[in-house]
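*Asks:* Quick one: the structure is below, and I'll ask about it shortly.
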Amino acid sequence: MRIEDAHLETSNVEQSSAGDSERYIAKGIAHVKLAAPVDEPITVSFVLMPRFTMLAFTSAIEPLRVANQLTEKLLFKWHVLSENGRPVACSNGVPVMADSPLSGAPASDYVLVCGGVEPDAGCSPDLSDWLRKQWRHGRTVGGLCTGAYALARAGILNGRRFTLHWENIPNFTEKHPDLSPERRIFCIDERIVTCAGGVASTELALKLIEDYYGAELMQAVMDMCLLGQIRRGEEEQLSSLSVRLGTRNDHLIRAVAYIEAHVEDEVDLAECASYLGISRRQLERLFQRYLDTTPLQYLNKVRLQHARSLLTETNLSVMEVAVACGFGSSSYFSKVFRGHYGISPHKFSLTRKRLAG
């Protein structure tokens, strides 16, 4: 190699290093000294699906930025990808720029798909094929919020522990009855990482920081993010039933859990009461006292919420939704749905599909 070429190559490396420092290491006051030297940064590619959730995306990327800032070292690098390289509008309508299309994506240690609303519609064959290729090439592949839809389409969730946002789990299991998502904050199963989205993305990012660089840095990042406590991956996404219902009455909590677990079945209230060891009359008094409703009305409310979700995010017919939600007939389902939401399920479904189109 000529001296001039060697000088030019060294100059390019220095410029690249300087550019990385400027992009990935923000200036700050607080400082954490790492005990061990850093060889190579951990690289993360964030793939934006149409109408992805901004909170899930920023909650994952900001802790990585803060880790770099606190140590003044290049611990993490990230790239933002979209299928075609063009900006992607998130669920609140704000467009986010992409660094490159999938076809031009640099190799990275982690590939995290950022999902959001209407995730099934955002999973194209090109995206699922690309994800499958990344997985086969040894990358760690994951999903934030509803990113698991894309992983399922890619065929890499079979036999794996994974999660997605609780609101989308019923629809997901309708589309993928052979897969069983867990209602956890996040799951890490070898080279599959998933989280429920929202602030759970922060907790997943903090777990990565702790695994690679230690608990001290993780705690410092938490302090910078004003995060007083952290939930671990095995914790449930939703508050406990006692918190949600505003009571610690054991019989009521067990009754609600029983009803919510049998949404698709014919629920016999006498059988439910027998399961709890109380009379049906006592069961009805519990619901009236604590929830100001009847067990049957509560069951119908849960079923209607499930039905509305299925009509929003799947292509199931009204009849199929009625069956999936435990209603005896489509006519009864239509009557109850219209009475609750002020619109027929058929018209609601058509309206949602038109808006999505």
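*Asks:* Mind putting a number on the dipole of region 57-154 about its Cα centre? Charges go on the C-beta only, +1 for Lys and Arg and -1 for Asp and Glu, and I need it in Debye to the nearest 20.
*Replies:* 280
*Asks:* Here's a follow-up. Return the long-range amide H neighbours of LYS77 (sequence gap of 5 or more, or a different chain), with a cut-off of under 5 Å between placed amide H atoms.
*Replies:* Amide H neighbours of LYS77, under 5 Å, 5+ apart: ILE42, THR43, VAL44.
*Asks:* While we're on this one: Just to confirm a number: summing +1 for Lys and Arg and -1 for Asp and Glu over residues other than GLY233 whose beta-carbon lies under 15 angstrom from that of GLY233, what do you get?
*Replies:* Its environment carries a net charge of -2.
*Asks:* Along the charge dipole of the chain, Cβ charges K/R +1 and D/E -1, which of ILE230, SER45, PRO119 sits furthest on the positive end?
*Replies:* PRO119
*Asks:* Whole angstrom only: what separates the Cα centroid of region 96-120 from the Cα centroid of region 155-212?
*Replies:* Each part reduced to its Cα centre gives a spacing of 17 Å.
*Asks:* Hey, another quick one. Taking the Cβ of ILE156 as the centre, find all other residues whose Cβ is under 14 Å away and add up their charges (Lys, Arg: +1; Asp, Glu: -1).
*Replies:* Result for the local shell: +4.
*Asks:* Could I ask something else about it? May I ask for the net charge around VAL256, where only other residues with Cβ less than 13 Å from the Cβ of VAL256 are counted and Lys, Arg are +1 while Asp, Glu are -1?
*Replies:* +2
*Asks:* On a 0 to 90° scale, report how tilted helix 125-136 is relative to the longest principal axis of the chain, with both axes built from alpha carbons and the result rounded to the nearest 10.
*Replies:* That helix lies at roughly 60 degrees to the long axis.
*Asks:* Between [x] 34, 21, 20; [y] 46, 25, 16; [z] 35, 27, 17, which matches semi-axes √(5λ) of the Cα gyration tensor in Å calculated for the structure shown?
*Replies:* [y]
*Asks:* Exposed loop sites here are trypsin sites (Lys or Arg not before Pro) in DSSP loop states with at most 12 other C-beta atoms within 10 Å. What is the longest stretch of the chain lacking them?
*Replies:* With a cap of 12 other Cβ atoms within 10 Å, the longest stretch comes to 34-231.
*Asks:* Note the angle between two axes, namely the Cα long axis of helix 200-213 and the longest principal axis of the Cα atoms of the chain, as a number of degrees from 0 to 90, rounded to the nearest 10.
*Replies:* Helix 200-213 and the main axis of the chain meet at about 40 degrees.
*Asks:* My understanding is that a pair violates if its Cα-Cα distance is over 20 Å; which of LYS175/LYS301; LYS301/LYS335; LYS77/LYS207; LYS133/LYS207; LYS73/LYS133 do that in this structure?
*Replies:* Where the Cα-Cα span goes over 20 Å, the pairs concerned are LYS175/LYS301; LYS133/LYS207; LYS73/LYS133.
*Asks:* Using alpha carbons only, how many degrees (0 to 90, rounded to 10) separate the axis of helix 250-261 from the longest principal axis of the chain?
*Replies:* On a 0 to 90 degree scale, this one is about 80.
*Asks:* Right, another one. Is there a quick way to get the dipole size of the chain? I mean about its Cα centre, with the Cβ of Lys and Arg at +1 and of Asp and Glu at -1; what is the value in debye to the nearest 20?
*Replies:* 1360
*Asks:* Need the list of aspartates and glutamates near LYS27 for cross-linking: C-alpha distance under 16 angstrom, and skip anything on the same chain fewer than eight residues off.
*Replies:* GLU62, GLU72
Read the figures in this text as sums done on the coordinates, not as results from a lab. All of these numbers come straight from a predicted model, not from anything done at the bench. All Cβ positions, glycine included, derive from the backbone under ideal geometry; neighbour counts span all protein chains shown.
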